[in-house]
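Trainee: Okay, here's the structure, questions in a sec.
The values are calculated or read from the model by the stated rules, or taken from the named source; none is laboratory data. Predicted model only: the values in this text are computed from it and were never measured. Here the Cβ positions follow ideal geometry from the backbone for every residue, glycine too, while neighbour counts run over all protein chains shown. We work out accessible area using only protein heavy atoms, side chains counted, and drop any ligands, DNA or RNA first. Shrake-Rupley method; radii C 1.70, N 1.55, O 1.52, S 1.80 Å.
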Amino acid sequence: MKIRLRDLRLIDKPNDFFDLLIEDGYIRYKGPSSKFPKLNCDRTYDLKGNFVSAGWVDMRALCGEPGYEHKETIASLTETAKKGGFTHVCVMPNTKPVINQKSDLQYFIKKSQDTGVILHPLAAATIDTKGEDLSEMLDLHAHGAIAFSDGLHPVHNADRLLKILQYLSKFDGLLINHSHDPLLNLFGMMHEGEISTRLGLKGMPSLAEEVAIMRDLELLRYAGGKMHFTCISTARSVSLIKEAKKEGLNVTCDVAAYHLLLTDHDLMSFDTNYKVNPPLRTESDVKALIKGLKDGVIDAIVSNHQPVNVEGKDLEFDLADFGMINLQTVFSQLVALEKQVSLELLLKKISEEPRKILGLPIVNLLEGEMADLTIFDPTAIWRYDQNSNTSVSENSPFLGQELKGKVTGTVLGTKININ
Amino acid sequence: MQQLSTRHLLGIKDITAEDIQLIFETADNFKEVLNRPIKKVPSLRDITIANIFFENSTRTKLSFELAEKRLSADVVNFSSSNSSVKKGETLVDTVNNILSMKVDMVVMRHSSVGAPHYLSRKIQANIVNAGDGTHEHPTQALLDAFSIREKLGDVAGKKVAIIGDILHSRVALSNIFALQKLGAEVMVCGPITLIPKYITSLGVRVEHDVRKALAWCDVANILRIQLERQQIKYFPSLREYSLYYGINKKLLSQLDKEIVIMHPGPINRGVELNSDVADGPHSIILNQVENGVAIRMAVLYLLASVK
């Protein structure tokens, strides 16, 4: 099978147009149209100056299946990932059953085979993500767990966290922790600040995240090993991690794409689609997160895709579940940031950087490599609505909006997915 | 005829100072009506109002019902304190059921913050928020400000201290918004754990010493300690609270001026307020209750006439 992709370019070389020949899932030619090998291609796609990059990687998405298929299935998740330009997605372990054993890993790996997206199930660090007994990390690692995480929950017990870090350090395993103090956040609905005061909603103080990150960094210093802080959301969290990196601790972090755009002001109308965890913070936090991206303190950007069915969202504010679907809208969010951060850098945060953190092969778009690429148009406008949304759930405040920045397609091996 | 800027009363936050003045002027007229031998006017004849209370209430519900009946509205009541803990379809389904009986206005109390806002997106009827969780209780704030205006002539320029559990109080939040819109200065006073950390962003003063708060203010609005709304322990004991924050006659006699004492009720006598003050000459607590009916009549009447 020979596929020709015509008229592509790279984001850092916008004047340099080229074609790709993909044969049986591998890049066989990259160069100008005029020198394209004389052979018959099975299909040719004229991409009219679209950009191409290494396939994008999302480090944090929640799947409903197994257990919560009414929120998301593996089929809908992989479809949504492709629409969003992702060829690799790390799936949180908070399914039912929780990803505790090698058979749970296999379920994801098998069911996502041949979908054009590789799902990387994150294995639970503690049994059922309850924060108590350790999961069989050695065995899970041996059977394809790319990293360990309790997903939506932090590893709150300091002793357990210490032992997990020590245990993982023996095989250079990675712990991904959503650090926050659950007691300081207890009954919290949104960021604690002026807006929560005006709305009379119980706040989730920035302190709850920062206290936990401080503690976790100390435990990491003692235990060794490496830790990835996921979805950091406050200015102080950025500076804490900056210091830790400076000191040489083996630490990386990410931010949810929407945390770079939205603030607690968006909650004034009690729209539950903005009810997320970590909560939307303030303008100054957003500024610090963007600066952290530029400075390299924040390594990656994630979707933090969390599907919630309408019965769990269309409710009184305090009863509604946390979370926002986002796999399909990450790219438009990055395009919206283009004036503040170069798209080139932003794209690194969803391709090269997460690949490094997870130990996935780095893609350079060279001849001989397996095809793993995303094709996109940062200027195209598209409508995100019930028709174009491919998730089972609809919990996005962006639904019904015209968005700038469209994913044209992905290629993963022999799986060509071009609109 | 003048009109309100909104067709729902969801919170004081969402209305203007002009709206408040209009409500006060209308309430003046209704208060006069309430002192006539025949206290009923036909203003809301053919209007059906549902009072839906998902949280316990005695006086607010009674006050609304009386206001509705004095306006000749048809009234239906629904109370259920346990529905509120079940998941949300209860709210929408319950209200939809009631509305399919052709109800024009809904007066709702609910334990969830924003519940009336949520409802306003779902149904056509006018909505009056009779208290939503720890958010707002707009008619209480209106009747409180109206009572201050009645007692002191004007609200503008007055110093009002709100004393007690500010963190869990919808009365405090609505009062802050209303008093500020009318030009009063507001102070909140209570144990530090019962004062929201970012309350000063609303432009209020904060004081933790009740004597200083009393010395500063013209009006002290004493709030009920809401033990039922506290999900977490915020202070050590009611004994300690009443010793350090309870208002009694002795405290007031140490002041070199007379201040007005208010309480939204129901009073925990001997906890936040001693009987010698609640029933004393400084107290306008019963005037608040009386004004509540006139204010609620004004609100319902004005909302019904918004085109």
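Trainee: Is it possible to state the helix-based mean residue ellipticity at 222 nm for chain B, with each DSSP H run of 4+ residues giving -39500 (n - 2.57), the sum divided by total residues, to the nearest 500 deg cm²/dmol? What is it? Mind dumping the intermediate values first?
Mentor: Numbers: 11 runs with 118 residues, N = 307.
Theoretical 222 nm ellipticity from helices: -11500 deg cm²/dmol.
Trainee: What number in nm² do you get for the protein assembly as shown if you take the convex hull of its Cα atoms and divide its surface by four? Working shown, then result.
Mentor: Details: hull surface 141.7 nm².
One quarter of the hull surface, i.e. the mean projection, equals 35.4 nm².
Trainee: Still on this structure: Defining a contact as two alpha carbons under 8 Å apart and six or more residues distant in sequence, what relative contact order in percent does chain A show?
Mentor: Values: 990 pairs, mean separation 77.8, N = 419.
Relative contact order for chain A comes out at 19 percent.
Trainee: Taking amide hydrogens as modeled 1.01 Å from N in the peptide plane, which residues meet the under 5 Å criterion relative to A:Leu134, leaving out close sequence neighbours?
Mentor: A:Ile127
Trainee: A further question follows. Dipole of segment B:138-288, Cα-centred, from +1 at each Lys and Arg C-beta and -1 at each Asp and Glu C-beta, to the nearest 20 debye?
Mentor: Working: 18 positive and 15 negative charges, 52 e Å.
Dipole size: approximately 260 debye.
Trainee: With the cut-off at 29 Å, tell me which of the pairs A:Lys202/B:Lys249; A:Lys102/A:Lys130; A:Lys163/B:Lys197; A:Lys348/A:Lys404 have Cα atoms farther apart than that.
Mentor: Details: A:Lys202/B:Lys249 35 Å; A:Lys102/A:Lys130 18 Å; A:Lys163/B:Lys197 36 Å; A:Lys348/A:Lys404 19 Å.
As for pairs spanning more than 29 Å Cα to Cα, those are A:Lys202/B:Lys249; A:Lys163/B:Lys197.
Trainee: Which value, in Å³ per residue, describes the convex hull spanned by the Cα atoms of segment B:194-307?
Mentor: Details: hull volume 18.2 nm³, N = 114.
Looking at segment B:194-307, the number lands at 160 Å³ per residue.
Trainee: Something else: Averaged across the residues of B:239-248, what count of C-beta atoms belonging to other chains lies within 10 Å of each residue's C-beta? Each step should come with its number before you reach the end.
Mentor: Numbers: counts 0, 0, 0, 0, 0, 0, 0, 0, 0, 0.
Mean partner shielding for this stretch: 0.
Trainee: I'd like to check one number: the per residue accessible area of segment B:138-288, probe 1.4 Å, reported in Å² as a whole number.
Mentor: Numbers: 6220 Å² over 151 residues.
Computed with neighbouring chains in place, this is 41 Å² per residue.
Trainee: Roughly how much accessible area, to the nearest 100 Å², goes out of reach of solvent when B and A pair up, both sides summed, probe 1.4 Å?
Mentor: Counting both chains, the buried surface is close to 2000 Å².
Trainee: Compute, for B:Glu136, the solvent-accessible surface of its heavy atoms (probe 1.4 Å) with the complete set of protein chains present, and express it in square angstrom to the nearest 10.
Mentor: Near enough 0 Å² of accessible area.
Trainee: Out of A:Cys41, A:Cys63, A:Cys90, any idea which swings most in a Gaussian network model of chain A, alpha carbons joined below 10 Å?
Mentor: Maximum fluctuation in the GNM of chain A, among the listed residues, is at A:Cys41.
Trainee: A further question follows. Could you work out the local net charge near B:Ile15, counting Lys and Arg as +1, Asp and Glu as -1, over the other residues with Cβ closer than 12 Å to its Cβ?
Mentor: On the way: positive: B:Arg7, B:Lys13, B:Lys181; negative: B:Asp14, B:Glu18, B:Asp19, B:Glu136.
That sum, taken over residues with Cβ under 12 Å, equals -1.
Trainee: Hey, how many Å between the Cα centroid of segment A:61-80 and the Cα centroid of segment A:211-256?
Mentor: What the calculation gives is 30 Å, centre to centre.
Trainee: I want to verify a result. In a Gaussian network model of chain A, Cα cutoff 10 Å, which of these has the top mean-square fluctuation: A:Glu210, A:Glu69, A:Glu352?
Mentor: The residue that fluctuates most here is A:Glu69.
Trainee: Can you check what the Kirkwood hydrodynamic radius comes to for segment A:9-51, Cα pairs only, in Å to one decimal?
Mentor: Working: mean 1/r = 0.0882 Å⁻¹.
For segment A:9-51, inverting the mean 1/r across all distinct Cα pairs yields 11.3 Å.
Trainee: What figure, in Å² to the nearest 10, do you get for the accessible area of B:Ile285 with a 1.4 Å probe and non-protein molecules left out?
Mentor: 10 Å²
Trainee: Quick one: which bits of segment A:150-198 get at least 50 Å² less accessible when the partner protein chains are in, versus the chain alone, with a 1.4 Å probe?
Mentor: Listed by number, the residues meeting the 50 Å² cut-off are A:Phe187, A:Glu192, A:Thr197, A:Arg198.
Trainee: Here's another thing I want to ask about it. Could you compute the net charge surrounding A:Pro14? Neighbours are other residues with a C-beta less than 14 Å from the C-beta of A:Pro14; K and R count +1, D and E count -1.
Mentor: Working: positive: A:Arg9, A:Lys13, A:Lys48; negative: A:Asp7, A:Asp12, A:Asp16, A:Glu338, A:Glu344, A:Asp377.
Here the count lands on -3.
Trainee: Most fluctuating residue of A:Leu319, A:Leu168, A:Leu122 in a GNM of chain A with Cα springs under 10 Å: which is it?
Mentor: A:Leu319
Trainee: Once you have the alpha carbon radius of gyration of chain B, what is it after dividing by 2.2 N^0.38 Å, with N set to its residue count? Before the final figure, lay out the partial values.
Mentor: On the way: Rg = 19.0 Å, N = 307, 2.2 N^0.38 = 19.4 Å.
Relative to the 2.2 N^0.38 Å estimate, chain B comes out at 0.98.
Trainee: With all protein chains present, how much of the accessible area of segment B:171-270 (probe radius 1.4 Å) comes from carbon and sulfur, to the nearest whole percent? Before the final figure, lay out each step's value.
Mentor: Numbers: 2380 of 4670 Å².
Looking at segment B:171-270 in its full context, I get 51 percent from C and S.
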